[in-house]
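A.B. asks: One structure, as structure tokens, below. Some questions next.
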């Protein structure tokens, strides 16, 4: 059972455009929703995160939109740059200590 | 500050061999995790630990064992390697359970191939 569904699997965006990655979750016990960025040969690194009592969080060019009733959240990258080319993972955590449940990832390519 | 360090970076094992993937962190984090990453499948939790002497199974623990004798170290043991264990393994640590105030830090990964 996949608890966090992520789409699209891959995405190509022109430089300066908006990149949008979507995730949906099933477990209403999740209370923490981070996005991780991973470059080839590296481990994932936290990009931005949100909790379910907030509908939107913005950090620079990166914005998370959260819809609790629909159990969906998305990452928006404004003014996308070639340096943003990476794999992005959404994730979720519930109230316990047992780590994160990850989506399958989105391979993002920003074309110059 | 090294963060989370994993060794080795690459390893090829023959079916049936055993090995230990090493993970150490210098951030005095209580929580440590092992994930495996398969192409197109995201990361899946193998085992985790909330402190020295305490370990628990994650989503995919079969074929693996862990120990946590110190706060710093969290080795992952493969006893009888199988081709299905070919994957990239990531160790991570966090000060407490992951929430808005506590992020997880990942190592650079160990790429394991079982032939």
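A.B. asks: Which residue out of B:74, B:10, B:90 is in contact with a strand residue (DSSP E or B) (Cβ under 8 Å, 6 or more places away or on another chain), within 14 Å of chain A (Cβ to nearest Cβ), loosely packed, with under 13 Cβ neighbours inside 10 Å and closer than 26 Å to residue B:115 by Cα?
C.D. replies: None of the others qualify; the one that does is B:10.
A.B. asks: Moving on. Just the residues that are in a strand (DSSP E or B), away from chain A (no Cβ under 11 Å) and farther than 18 Å from residue B:19 by Cβ, please, taken from the range B:35-70.
C.D. replies: B:55
A.B. asks: Just checking, how many residues over the range A:65-105 are over 16 Å from residue A:11 (Cβ atoms), in contact (Cβ under 8 Å) with a residue 12 or more places away in the chain and within 12 Å of another protein chain (Cβ to nearest Cβ)?
C.D. replies: Counting residues in the range A:65-105 that are over 16 Å from residue A:11 (Cβ atoms), in contact (Cβ under 8 Å) with a residue 12 or more places away in the chain and within 12 Å of another protein chain (Cβ to nearest Cβ) gives 8.
A.B. asks: Further question: Scanning for something over 28 Å from residue B:36 (Cβ atoms), surrounded by fewer than 14 Cβ atoms within 10 Å (Cβ to Cβ) and in contact with a helix residue (DSSP H, G or I) (Cβ under 9 Å, 6 or more places away or on another chain), does the range A:11-18 turn up at least one residue?
C.D. replies: Yes, the range A:11-18 has at least one match.
A.B. asks: Still on this structure, I have one more. Restricted to the range A:9-23, and to residues that are within 14 Å of chain B (Cβ to nearest Cβ) and within 22 Å of residue A:93 (Cα to Cα), which residue is farthest from the chain's Cα centre (by Cα)?
C.D. replies: In this case the residue turns out to be A:9.
A.B. asks: Follow-up question, since we're still on this one. Quick one: is residue A:77 touching a helix residue (DSSP H, G or I) at 6+ places or on another chain (Cβ under 7 Å) and within 27 Å of residue B:107 (Cβ to Cβ)?
C.D. replies: Yes, satisfied.
A.B. asks: Go over the candidates B:97, B:111 one by one and state the one that is more than 23 Å from residue A:41 (Cβ to Cβ) and either surrounded by 14 or more Cβ atoms within 10 Å (Cβ to Cβ) or within 12 Å of chain A (Cβ to nearest Cβ) (or both).
C.D. replies: B:97
A.B. asks: Next up: Look at residue A:6 and say whether it is more than 20 Å from residue B:107 (Cα to Cα), more than 11 Å from chain B (Cβ to nearest Cβ), modelled with pLDDT of 95 or more and within 12 Å of the chain's Cα centre (by Cα).
C.D. replies: For residue A:6, the condition - more than 20 Å from residue B:107 (Cα to Cα), more than 11 Å from chain B (Cβ to nearest Cβ), modelled with pLDDT of 95 or more and within 12 Å of the chain's Cα centre (by Cα) - is not met.
A.B. asks: Sort through B:1, B:30, B:65 and tell me the only one that's surrounded by fewer than 20 Cβ atoms within 10 Å (Cβ to Cβ) and modelled with pLDDT of 95 or more.
C.D. replies: B:65
The values are calculated or read from the model by the stated rules, or taken from the named source; none is laboratory data. Please read all numbers here as calculations on a predicted model, not as lab measurements. A quick note on method: Cβ atoms are made from the backbone with ideal geometry, for glycine too, and the neighbour counts reach across all protein chains shown.
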